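To start, the structure itself, in structure tokens.
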Amino acid sequence: MKIGIVLYPTFGGSGVVATELGKALAQKGHEVHFITYAQPVRLGSYRENIFYHEVAVSNYPLFEFQPYETELASKLVDVVKHEDLDLLHVHYAIPHASAAYMAQQILESHGIRIPFVTTLHGTDITLVGKDKSFEPVISFCINKSNAVTAVSESLRKDTFTHFNTTREIHVVPNFIQASPVVPAAELLERRRKYAQDGERILCHVSNFRPVKRVEDVIQIFKRVNDVIPSRLMLIGDGPDRYNAERLCRELGVCSRVITLGKIRDAAKLMQLTDLFLLPSETESFGLAALEAMAEGIPVVSSNTGGIPEVNKDGYSGYLSNVGDVDGMAKNAIKILSNEATLNQFKTNAREQSKLFSLEEILPVYENIYNAVLKDVQTVK
Ligand code: GMT
């Protein structure tokens, strides 16, 4: 198949999933064309069967806001036509599904039929979607997509709650490619750069948006560090980084906190840690938690949105209500205070992550692609 993938190229989970999916499809022999405004962060170096088409964003002075959606739709028309694509897979309803719909209509007028699959990731539904002004466009795009997927059952339900649609939405969870277990001696050596022997390392990875509640991360860490000598590794950057650093100073824990900023391959650092914190306000899935679990790192998280579908309470970690920093700290201490308990949670976390392996999920997407292609051929 020749597949066009439209995504946000940044560090966000949707971009990561879309890029990893494209890489896996290419490895299986499909021809994959990424179409977006910058090189996707996780794309890395040259790979066979992968092509990247950059959408040039104009800076014509008349436009105070550049018409990205229109530029993307034009690029899609061009790439579908000249690369002879079979289908488009767009990640995010707006502006990607709306641009795909526009491209589909234009191509139709040229006698070319191209189906598009829309994957809903969360922010488009749970955050943006709550701004009612977007509702007509998002509902329309969902209804016009040739197939729609959502990354969790919770997101699927939210979509029906917030949008005017009754169409079928397939739940296709995010996935992870299992990484080889790193020998303990090597991990210990690398971990000594960040913590002394006997200390625990807690970790948080996000884009530091308010929805991630990074200040809760600091509050939880303070409570844990009061009982168990620990370090906190913060990976990522965003609007709440300043608030997080200010709170560290206020609570007097700065010297215990390692703030690393944006890192392309966060998993290499996550694997040095003992516990992942994800106290988010809302999370359609929580890919970062799954990435931690795949490295054998248990997760203490909130119980919001799709997180309970990923992190199993009392098994791969613990769940608490949003904002319950005392409860999350208690749970963290429960996991970290005893070596045997910690090792059991680490094993469980890795086991739980296997339910979301790439090998399980890739064929699900391929089946959806085949079904939409069949539908289009039948209509022809
Ligand atoms: O919230 C983020 O970190 C970014 C955001 C995105 O759009 O890339 O993530 C959303 O999609 C991820 C991949 O499906 C999910 O794992 C995240 O839970 C989801 N974020 C929210 O729902 C807030």
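The values are calculated or read from the model by the stated rules, or taken from the named source; none is laboratory data. Since the model is a prediction, treat every value here as computed from it, not as a measurement. Here the Cβ positions follow ideal geometry from the backbone for every residue, glycine too, while neighbour counts run over all protein chains shown. Just the protein is used for accessible areas: all its heavy atoms, side chains included, with ligands, DNA and RNA removed. Shrake-Rupley method; radii C 1.70, N 1.55, O 1.52, S 1.80 Å.
Checking each residue in segment 168-183 for being out of contact with any Phe, Trp or Tyr (no Cβ under 7 Å at 6 or more places or on another chain) and more than 23 Å from L272 (Cβ to Cβ) picks out E168, I169, H170, V171. Residue pairs whose Cβ atoms lie under 7 Å apart, separated by 6 or more positions or on different chains, with the first residue in segment 234-258 and under 17 Å from R223 (Cα atoms) and the second among the polar types (S, T, N, Q) and in a helix (DSSP H, G or I), are V253/N225; R256/N225.
Against the definition (away from the ligand (no atom under 16 Å from the Cβ), closer than 23 Å to E339 by Cα and charged (D, E, K, R)), how does R192 come out, yes or no?
On the way: away from the ligand (no atom under 16 Å from the Cβ): yes; closer than 23 Å to E339 by Cα: yes; charged (D, E, K, R): yes.
Spelling it out, R192 is indeed away from the ligand (no atom under 16 Å from the Cβ), closer than 23 Å to E339 by Cα and charged (D, E, K, R).
Tell me, which helices (runs of 4 or more DSSP H) wholly within segment 67-178 include 2 or more residues that are within 16 Å of the ligand (Cβ to nearest atom) and open to solvent by 10 Å² or more (accessible area, probe 1.4 Å)?
153-162
Of everything in segment 208-233 that's outside any helix (DSSP H, G or I) and more than 16 Å from the ligand (Cβ to nearest atom), which residue is most open to solvent (accessible area, probe 1.4 Å)? Break it down into steps so the answer makes sense when it comes.
So the first thing to find is which residues in segment 208-233 are outside any helix (DSSP H, G or I), and the list is 208-209, 213, 228-233.
Subset that is more than 16 Å from the ligand (Cβ to nearest atom): 228-233.
Working: I228: 19, P229: 71, S230: 0, R231: 39, L232: 0, M233: 0 Å².
Filtering segment 208-233 for residues that are outside any helix (DSSP H, G or I) and more than 16 Å from the ligand (Cβ to nearest atom), the one most open to solvent (accessible area, probe 1.4 Å) comes out as P229.
Can you name the residue in segment 258-283 that is within 15 Å of the ligand (Cβ to nearest atom) and among the hydroxyl-bearing types (S, T, Y) and is also surrounded by the most Cβ atoms within 10 Å (Cβ to Cβ) among such residues? Looking at the filtered set, the residue picked out is S280.
Sort through A99, A38 and tell me the only one that's over 21 Å from A371 (Cβ atoms) and touching a Leu at 6+ places or on another chain (Cβ under 9 Å). Matching residue, one of A99, A38: A99. Here is the figure for segment 6-43: residues that are more than 14 Å from the ligand (Cβ to nearest atom) and part of a strand (DSSP E or B) total 5.
Are any of the residues in segment 33-52 over 30 Å from N174 (Cβ atoms) and free of Cβ contacts under 8 Å to residues at least 40 places away in the same chain? Before you say what the answer is, go through the steps one by one.
So the first thing to find is which residues in segment 33-52 are over 30 Å from N174 (Cβ atoms), and the list is none.
Looking through segment 33-52, none of the residues is over 30 Å from N174 (Cβ atoms) and free of Cβ contacts under 8 Å to residues at least 40 places away in the same chain.
Pairs are defined by a Cβ separation below 9 Å, a sequence spacing of at least 6 or placement on different chains, a first member in segment 58-84 that is under 13 Å from S98 (Cα atoms) and free of Cβ contacts under 8 Å to residues at least 12 places away in the same chain, and a second member that is open to solvent by 100 Å² or more (accessible area, probe 1.4 Å) and outside any helix (DSSP H, G or I); no pair meets this definition.
Mind checking whether some residue in segment 182-191 is surrounded by 19 or more Cβ atoms within 10 Å (Cβ to Cβ) and touching a helix residue (DSSP H, G or I) at 6+ places or on another chain (Cβ under 8 Å)?
Residues of segment 182-191 that are surrounded by 19 or more Cβ atoms within 10 Å (Cβ to Cβ), as a first pass: 191.
Subset that is touching a helix residue (DSSP H, G or I) at 6+ places or on another chain (Cβ under 8 Å): none.
No: segment 182-191 contains no residue that is surrounded by 19 or more Cβ atoms within 10 Å (Cβ to Cβ) and touching a helix residue (DSSP H, G or I) at 6+ places or on another chain (Cβ under 8 Å).
Looking at G236, G296, G306, which one is more than 16 Å from the ligand (Cβ to nearest atom) and buried (at least 17 other Cβ atoms within 10 Å of the Cβ)? Every option except G296 fails the conditions.
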